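These notes concern the structure reproduced below.
The values are calculated or read from the model by the stated rules, or taken from the named source; none is laboratory data. Remember, it's a predicted structure, so these values are computed and weren't measured experimentally. Here the Cβ is made from the backbone with ideal geometry for all residues, glycine too, and neighbour counts use every protein chain on show. Just so you know, the surface numbers come from the protein's heavy atoms only, side chains and all, with ligands and any DNA or RNA stripped out. Shrake-Rupley method; radii C 1.70, N 1.55, O 1.52, S 1.80 Å.
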Amino acid sequence: MTKFPQSELLNHLPKQFFASLVGKVNFFLQEGHDVINLGQGNPDQPTPEHIVKRLQKAADDPINHKYSPFQGFQSLKRAVAEFYMREYQVEVNPDKEVAILFGGKAGLVEIPQCLLNPGDTVLVPDPGYPDYWSGVALAKAKMEYMPLREEHDFLPDYTEIDEETLQQAKLMFLNYPNNPTGAVATSAFFEETVELARKQGICIVHDFAYGAIGFDGEKPISFLETEGAKEVGIEIYTLSKTYNMAGWRVGFAIGNESVIAAINLLQDHIYVSLFGGIQEAAIAALTEDQECVRKLNVMYERRRNVLIDGLQSIGWHVLAPKGSFFAWLKIPSGYTSEQFADLLLEKAYVAVAPGIGFGQYGEGYVRVGLLTSEGHLREAVSRIKALNIFEKK
Ligand code: PLP
C-alpha cells in the first residue's frame, strides 16, 4: 500500500492529549480491573423518550428522505428563537441570527475558518476545551492564552492581557458554565466582556454547551442576555448535554448576523443540513415539556453533592462546581496532574482527566465527570480513601 503523506495543515493540528488517557483506561479494563471512568465527558443518560419517538415518526416520512434545505429547517430556527425567548428573554431573529450546526464542536472549529486569516490572534481560555485549539490551528491563526485562576473564580482577568495583544485579537472563546473548572459567569463579567469587545473590535464566541446545568438554584446566564452582546458576538448552544443528545449532533450558533452569514456560507460549501428527522426531533426537544431538563439538573446536583461531600469527608478539600457536569479538583502537592491521575488509575482503578491536558494553567488539578451513578461515585471516594493520601483535619 502506498502511504500518502498528510498535508502540512493536518500535521499542524495539536496532539490529542486525551487519546493516551483512553489507552491507559483500556489497558486496565483489558487486565480485568473494574475501572470507574470519571475521565470523560459523555452523558450517561438516554435521550428523553418523547424526542426519540419524534425521530422514529419522522424517519417514516418520505419528505425526510430527500435532501433537507441547505441551511436547515426554518421551523427549527423558529424553535431556537422560541427557546431563547422562553429561557433567557432574548429576542432572536430566526432568519438572520441562527445557524444550524452539526453539534457545537463543528461550529467551534468552523468559526476560525470563517473569520480569521493566517497569523491572526485568538484569545483562548487556559485551561480550556481543546477543540478551540483545533479550529485555530486549521485557520493557521495564533493563540494567546487567558489564564483562568481559582482566585479570580476561573474568569479571565482582562487587565492581565497587554494592550498590543488586545489590539491584535480578532476572536475570543469563552465558555460558562465552564469545562473543565465548573465555574459560572456573572452578568458583570459578561458586561465587561462586551465593553472590551466593542473597544477592541474582538468577536466573542461564547460556548454555552453546559447552559442547562447550574446548581444551588442558580440558572446559568446566556451571554446574549447582556446588553449589546449580539453586536459583538455569538453563542454556541448544543442539544448534547441539555437533552442527552450527544450522539445526534445538533447545535446552533446564535447572535451576530455577519458571523451567522459567514458560518452559513462555509457550511453551504461543505454540507447539506442535518437529516430532517433529527431536525424535527430537535424541535420537539426545544419546544415541548422541559421536565426532563429539570430532572437532569437535579440528578447532576445530587451526584455533585455525593462526590464533593465524600471527598471532603476523607480530607480532600475541594471546591464544589457551580455548573457543568465536571468537578475541578486541586491535587495535593508533590505530584503533577498526570502523575496524580496515573496514581488514581493504577492504585484505585479510578480514571480522572489530568488538568495539564486542558492547558498549562490546568496543572495542579484533575477533572472528574459526574457521569456515573451516585453508587459509583461513592465507591470511587472509598477507593481513593484507601490510598491514605489525605489526612483528616
Ligand atoms: N464545548 C464544550 C466545552 C464541551 O465540553 C463540548 C463537549 O464535550 C462541546 C462544546 C461540544 O459538544 P457537541 O459537539 O456535542 O455539541
Check your understanding: of a type in the set (A, V, I, L, M, F, W, C) and in contact with a Ser or Thr (Cβ under 9 Å, 6 or more places away or on another chain): does that describe PHE73?
Key -> yes
Check your understanding: In the range 242-283, how many are among the small types (Gly, Ala, Ser) and either under 22 Å from ALA229 (Cα atoms) or not assigned by TED's automatic domain parsing to the domain that holds PHE223 (or both)?
Key -> 6
Check your understanding: Is there a residue being at pLDDT 95 or above, within 14 Å of the chain's Cα centre (by Cα) and within 21 Å of TYR88 (Cα to Cα) anywhere in the range 186-204?
Key -> no
Study note, to complete from the structure: So, first residue of a type in the set (Gly, Ala, Ser) in the range 59-86, second residue exposed (fewer than 15 other Cβ atoms within 10 Å of the Cβ) and in a loop (DSSP other than H, G, I, E, B), Cβ within less than 9 Å, six or more apart or across chains; the pairs are SER68/VAL272; ALA81/GLU91; ALA81/ASN93
**Study point:** Residue that is farthest from VAL250 (Cα to Cα), among those in the range 107-122 that are open to solvent by less than 20 Å² (accessible area, probe 1.4 Å) and within 16 Å of the ligand (Cβ to nearest atom)
**Key:** VAL122
Practice item. Search the range 221-258 for residues being among the aliphatic types (A, V, I, L, M) and surrounded by fewer than 22 Cβ atoms within 10 Å (Cβ to Cβ), and hand back the single one that is farthest from the ligand (Cβ to nearest atom). Key: ILE221
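Which of the residues spanning the range 131-151 are open to solvent by less than 30 Å² (accessible area, probe 1.4 Å) and within 16 Å of the ligand (Cβ to nearest atom)?
ASP131, TYR132, SER134, GLY135, VAL136, MET146, LEU148
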Practice item. Filter the range 1-35 for residues that are without any contact (Cβ under 8 Å) to a residue 24 or more places away in the chain and either under 16 Å from GLY135 (Cα atoms) or open to solvent by less than 70 Å² (accessible area, probe 1.4 Å) (or both) and give the result. Key: SER7, GLU8, LEU10, ASN11, LYS15, ALA19, SER20, VAL22, GLY23, ASN26, GLY32
Point to revise | ARG54 part of a helix (DSSP H, G or I), under 23 Å from the mean Cα position of the chain (by Cα) and among the charged types (D, E, K, R) | key: no
Review point. Taking LEU286, is it within 13 Å of the ligand (Cβ to nearest atom), within 28 Å of PRO69 (Cβ to Cβ) and either open to solvent by less than 10 Å² (accessible area, probe 1.4 Å) or over 22 Å from the mean Cα position of the chain (by Cα) (or both)?
Key: no
Check your understanding: Quick check: anything in the range 258-267 hydroxyl-bearing (Ser, Thr, Tyr) and under 15 Å from the mean Cα position of the chain (by Cα)?
Key -> no
**Study point:** Hits in the range 199-220 - residues which are touching an Asp or Glu at 6+ places or on another chain (Cβ under 7 Å) and away from the ligand (no atom under 16 Å from the Cβ)
**Key:** PHE215
Review point. List pairs: first in the range 243-270 and farther than 29 Å from THR47 by Cβ and in a helix (DSSP H, G or I), second more than 11 Å from the ligand (Cβ to nearest atom) and acidic (Asp, Glu), Cβ under 8 Å, 6+ apart or cross-chain?
Key: GLU257/GLU97
Practice item. Could you grab me the full set of residues in the range 341-363 that are free of Cβ contacts under 8 Å to residues at least 60 places away in the same chain and in contact with a strand residue (DSSP E or B) (Cβ under 6 Å, 6 or more places away or on another chain)? Key: LEU344
Check your understanding: Can you name every residue in the range 70-79 that is farther than 14 Å from ILE278 by Cβ and open to solvent by less than 20 Å² (accessible area, probe 1.4 Å)?
Key -> LYS77
Point to revise | Pair list, Cβ < 7 Å and 6+ apart or interchain, from the range 293-308 residues that are modelled with pLDDT of 95 or more and open to solvent by 20 Å² or more (accessible area, probe 1.4 Å) to residues that are in a helix (DSSP H, G or I) and basic (Lys, Arg) | key: VAL306/ARG378
